[in-house]
1. Which residue, of Ala91, Ala64, Ala54, is free of Cβ contacts under 8 Å to residues at least 60 places away in the same chain and exposed (fewer than 14 other Cβ atoms within 10 Å of the Cβ)?
2. Just name the residue that is nearest to Leu174 (Cα to Cα) out of those in the range 107-119 that are more than 31 Å from the chain's Cα centre (by Cα) and not in a strand (DSSP E or B).
3. Going by the structure shown, is Thr169 closer than 21 Å to Thr71 by Cβ, surrounded by 13 or more Cβ atoms within 10 Å (Cβ to Cβ), out of contact with any helix residue (DSSP H, G or I) (no Cβ under 9 Å at 6 or more places or on another chain) and not basic (Lys, Arg)?
4. Pairs please, first residue from the range 131-154 and free of Cβ contacts under 8 Å to residues at least 24 places away in the same chain, second anywhere and of a type in the set (Ser, Thr, Tyr) and not in a strand (DSSP E or B), Cβ atoms under 7 Å, 6+ apart in sequence or on different chains.
5. Right, Thr157: more than 27 Å from the chain's Cα centre (by Cα) and surrounded by 12 or more Cβ atoms within 10 Å (Cβ to Cβ) or not?
6. Where in the range 17-106 are the strands (runs of 3 or more DSSP E), entirely inside, with at least 3 residues that are aromatic (Phe, Trp, Tyr) and at pLDDT below 95?
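The values are calculated or read from the model by the stated rules, or taken from the named source; none is laboratory data. What you see is a predicted model; the values in this text were computed from it and never measured. Glycine also receives a Cβ, built like all others from the backbone with ideal geometry; neighbour counts cover every protein chain displayed.
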Amino acid sequence: MRGSKSLLRPLVAALALATLGCGSGGGTPAPTCTVVFVAGTGGSLTGVTPQTLASGASTTPVTAVPATGFTFTNWSGSGFTTTTSNPVTVANVTSDMTLTATFAPQTFTVTFLAGTGGTLTGTTTQTVAFGGSATPVTAVPATGHAFTSWTGAGFTTTTANPVTVANVTSDMTL
């Protein structure tokens with residue numbers, strides 16, 4: 001009986017290592033895991049990356065910071081449930097992993113409206129990327145009317161016709 005207990009100890013230690021996962025630990029100290037955080041195109045990160053921790057531990061928070069003209073979308077990675085939480089903390093890490101912060105370019109809507117006594121040619125509702133330009137729209141006055149100007153909040157009034165709105169950084173209605 002005494003000999004069988006000593007035979008079981010290595011087996012129990014091997015099972016514990018298999019359950020804990022991550023790199024080699026040899027039983028003592030506990031195995032370690034490495035979590036690498038990566039910023040996709042359009043952003044950066046604040047926080048520590050990579051992080052090496054004991055199997056079963058949690059990472060410290062890492063924040064995805066979108067660059068101007070981008071929006072944070074999510075964190076994703078193999079063996080990780082995609083999340084929109086930001087900052088992100090990974091709990092109970094039991095395997096090495098790489099998490100990527102995904103960012104998307106911001107887009108805005110530019111809407112052109114005709115006043116009384118006229119119509120428009122061109123695309124009157126346009127989706128424009130941050131810093132991009134809308135395609136030209138022309139005001140066509142009805143018989144007996146004259147075009148005077150384009151106006152709108154956040155837009156410098158102009159008599160240009162057709163009009164092209166450049167460097168779009170917010171939704172606009174003209």
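1. Details: Ala64 fails: exposed (fewer than 14 other Cβ atoms within 10 Å of the Cβ); Ala54 fails: exposed (fewer than 14 other Cβ atoms within 10 Å of the Cβ).
Being free of Cβ contacts under 8 Å to residues at least 60 places away in the same chain and exposed (fewer than 14 other Cβ atoms within 10 Å of the Cβ) holds for just one of Ala91, Ala64, Ala54, which is Ala91.
2. It comes out as Leu113.
3. On the way: closer than 21 Å to Thr71 by Cβ: yes; surrounded by 13 or more Cβ atoms within 10 Å (Cβ to Cβ): yes; out of contact with any helix residue (DSSP H, G or I) (no Cβ under 9 Å at 6 or more places or on another chain): yes; not basic (Lys, Arg): yes.
Judged against the criteria, Thr169 is a match.
4. Short answer, once both residue conditions are applied: Ser149/Thr159; Gly154/Ser170.
5. Working: more than 27 Å from the chain's Cα centre (by Cα): yes; surrounded by 12 or more Cβ atoms within 10 Å (Cβ to Cβ): no.
Criteria not met by Thr157.
6. Values: elements: 32-39, 43-46, 51-54, 63-66, 70-77, 80-83, 97-105.
Fully inside the range 17-106 and qualifying: nothing.
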